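Asks: Shown below is the structure under consideration.
The values are calculated or read from the model by the stated rules, or taken from the named source; none is laboratory data. If you're wondering where the values come from, they're calculated on a predicted model, not measured in any experiment. When we count neighbours, we look across all protein chains shown, and the Cβ atoms used for this are built from the backbone with ideal geometry, even at glycine.
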Amino acid sequence: MSVIGTATVGVMGSSQNEYAQFANPLGGLLARLELNLLTGAGHGVMTAVSRAYIEARTGRGICIGIVPCESQEVRHVPRQGSPNQYVELPIYTHLPMSGVGGKDDLSRNHINVLSSDVVIALPGSDGTASEVELALDYEKPVAAFAENQAQVKNLNPTITRLFDIDDVEAFLKRYCALQ
């Protein structure tokens, strides 16, 4: 049984594509640093980073998933496929909005960002872009992790760009008070 880590890192990204080339090393790094992982509990990047985190973890930390509901009409049922099988602590919400509605008051993205000490964005679309905007609004440290600028061109250009896992580790150490 894991013990809660020292800080929580929100990882945001595509719900369609796993982007394993980023999610796998990132999940492993978070586990090695004994940080908590928080995602939106769904598919794509959320599943990939959670799987890598669980498989690599040997010490403290927990995999948290903020689960949206099925729809505005069906708020007591989790969205189909959520939480993914790697989420250890699912936080069920009554919040259905995502994608282009990611900044709406009925979006779990607010909880994703506000519950994270640091936000790392992987390639994604409208939902990921809205989480980056919320991180800026809520003054959370936020960075994009991708091999090149083109992969995250839809994300706010003012955020830090991290191009390899060493850059990510340095960013996390700076903002999570790690040694």
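Asks: Can you confirm whether segment 2-15 contains a residue that is modelled with pLDDT under 95, part of a loop (DSSP other than H, G, I, E, B) and buried (at least 16 other Cβ atoms within 10 Å of the Cβ)?
Replies: So far as segment 2-15 goes, yes, one or more of its residues are modelled with pLDDT under 95, part of a loop (DSSP other than H, G, I, E, B) and buried (at least 16 other Cβ atoms within 10 Å of the Cβ).
Asks: Tell me which of these Thr58 doesn't satisfy, since it passes every other one: (1) surrounded by fewer than 21 Cβ atoms within 10 Å (Cβ to Cβ); (2) over 16 Å from Gly27 (Cβ atoms); (3) of a type in the set (Ser, Thr, Tyr).
Replies: Just one mismatch for Thr58, condition (2).
Asks: With the checklist (1) surrounded by 18 or more Cβ atoms within 10 Å (Cβ to Cβ); (2) at negative phi; (3) modelled with pLDDT of 95 or more in hand, flag the one item Ser98 doesn't pass.
Replies: Going through (1) surrounded by 18 or more Cβ atoms within 10 Å (Cβ to Cβ); (2) at negative phi; (3) modelled with pLDDT of 95 or more one by one, Ser98 breaks only (3).
Asks: If we scan segment 4-21, do we find a residue that is within 13 Å of the chain's Cα centre (by Cα) and of a type in the set (D, E, K, R)?
Replies: Checked segment 4-21: at least one residue is within 13 Å of the chain's Cα centre (by Cα) and of a type in the set (D, E, K, R).
Asks: Something else: Report, by residue number, each residue of segment 100-158 that is out of contact with any Gly (no Cβ under 7 Å at 6 or more places or on another chain) and basic (Lys, Arg).
Replies: Lys103, Lys140, Lys153, listed by residue number.
Asks: Inspect segment 24-32 for any residue being among the hydrophobic types (A, V, I, L, M, F, W, C), surrounded by fewer than 19 Cβ atoms within 10 Å (Cβ to Cβ) and on the phi < 0 side of the Ramachandran plot and give the result as yes or no.
Replies: no
Asks: Condition check: surrounded by fewer than 24 Cβ atoms within 10 Å (Cβ to Cβ), free of Cβ contacts under 8 Å to residues at least 60 places away in the same chain and farther than 19 Å from Ile120 by Cβ. Does Tyr92 satisfy that? Reasoning before the result, please.
Replies: Details: surrounded by fewer than 24 Cβ atoms within 10 Å (Cβ to Cβ): yes; free of Cβ contacts under 8 Å to residues at least 60 places away in the same chain: yes; farther than 19 Å from Ile120 by Cβ: yes.
When the stated conditions are applied, Tyr92 passes them.
Asks: Ok, one more. Would you mention how many residues in segment 124-154 are modelled with pLDDT of 95 or more and touching a strand residue (DSSP E or B) at 6+ places or on another chain (Cβ under 8 Å)?
Replies: Summing the residues that are modelled with pLDDT of 95 or more and touching a strand residue (DSSP E or B) at 6+ places or on another chain (Cβ under 8 Å) in segment 124-154 gives 16.
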